[in-house]
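Okay, structure first, notes after.
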């Protein structure tokens with residue numbers, strides 16, 4: 001569980017609701033169905049128009065990573081690579097075959113299989129870097145979905161505000177209908193700006209940070225496997241890989 005994300009969401013809600021209460025307002029004044037429909041529906045519609053379905057679905061799958069980030073155990077991975085290096089020096093690369101088949105990390109397994117098959121170090125690096133780049137691009141595209149929604153949301157909020165004011169102008173002769181139109185106008189603006197800056201843009205940036213962390217982890221794995229293929233000393237490999245630890 002990412003405590004900072006949880007605290008951030010709670011603090012954001014507390015700041016808005018608490019500030020409203022300190023000014024003498026009520027929570028009910030911030031609840032407006034039409035404004036919510038305009039902002040949320042308009043924002044989702046705009047991002048669906050912009051985004052390929054593959055990236056949109058991937059963004060939905062990764063949304064939970066904001067609160068429960070993927071587990072990346074760099075220290076454990078380094079221990080594995082050093083163990084594999086020792087085995088390769090003592091038994092040869094074929095001694096890693098059974099280990100490769102039981103490896104749960106699919107990226108590491110692919111590298112191990114290339115290693116066991118006797119592929120040249122540069123071939124191993126080239127194949128794994130293609131997969132790394134593809135996965136990083138896919139993850140960053142998912143982060144951009146939330147960034148895109150964060151860009152559209154304030155504008156949709158302004159559209160909601162203008163629609164509310166149009167409603168007010170059309171009913172100037174009927175004071176009983178003015179309050180609802182004015183409320184929609186101002187609350188829609190709050191929804192649009194608040195949704196973008198308190199949730200959507202932070203979501204996108206957090207997913208981008210996770211994508212970069214995963215890529216750095218895979219870069220370390222590539223470096224370790226290529227080093228084994230080149231026959232480097234396990235101690236030298238360990239020293240090199242520790243440079244990836246932050």
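The values are calculated or read from the model by the stated rules, or taken from the named source; none is laboratory data. Note that the coordinates shown come from a computational prediction; the quantities given were computed from them, not determined experimentally. Cβ coordinates were reconstructed from backbone atoms using ideal geometry, including for glycine residues, and neighbour counts include every protein chain displayed.
Which residue, of 59, 21, 14, is part of a helix (DSSP H, G or I) and surrounded by 15 or more Cβ atoms within 10 Å (Cβ to Cβ)?
Going through 59, 21, 14 in turn, just one is part of a helix (DSSP H, G or I) and surrounded by 15 or more Cβ atoms within 10 Å (Cβ to Cβ): 59.
Give the residues of the stretch 120-146 that are surrounded by fewer than 19 Cβ atoms within 10 Å (Cβ to Cβ) and more than 18 Å from residue 215 (Cβ to Cβ), sorted by residue number.
If the condition is that a residue be surrounded by fewer than 19 Cβ atoms within 10 Å (Cβ to Cβ) and more than 18 Å from residue 215 (Cβ to Cβ), then 120, 121, 122, 123 are the ones that fit.
Taking residue 78, is it under 32 Å from the mean Cα position of the chain (by Cα) and either closer than 20 Å to residue 233 by Cα or outside any helix (DSSP H, G or I) (or both)?
Yes.
Select, from 81, 47, 27, the only residue that is surrounded by 15 or more Cβ atoms within 10 Å (Cβ to Cβ) and more than 25 Å from residue 144 (Cβ to Cβ).
Every option except 81 fails the conditions.
Take residue 182 and tell me if it is free of Cβ contacts under 8 Å to residues at least 24 places away in the same chain, surrounded by fewer than 21 Cβ atoms within 10 Å (Cβ to Cβ) and in the same structural domain as residue 70 (by TED's automatic domain parsing).
It is true that residue 182 is free of Cβ contacts under 8 Å to residues at least 24 places away in the same chain, surrounded by fewer than 21 Cβ atoms within 10 Å (Cβ to Cβ) and in the same structural domain as residue 70 (by TED's automatic domain parsing).
Of everything in the stretch 217-239 that's in contact with a helix residue (DSSP H, G or I) (Cβ under 8 Å, 6 or more places away or on another chain), assigned to a helix (DSSP H, G or I) and surrounded by fewer than 16 Cβ atoms within 10 Å (Cβ to Cβ), which residue is modelled with the lowest pLDDT?
For the stretch 217-239, the residue satisfying everything is 236.
For every residue, the table says whether it meets (1) modelled with pLDDT of 90 or more; (2) farther than 12 Å from residue 225 by Cβ; (3) in a helix (DSSP H, G or I).
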| residue | (1), (2), (3) |
| --- | --- |
| 88 | no, no, yes |
| 94 | no, yes, yes |
| 119 | no, no, no |
| 137 | yes, yes, yes |
| 153 | yes, yes, yes |
| 157 | yes, yes, yes |
| 162 | no, yes, yes |
| 166 | no, yes, yes |
| 181 | no, yes, yes |
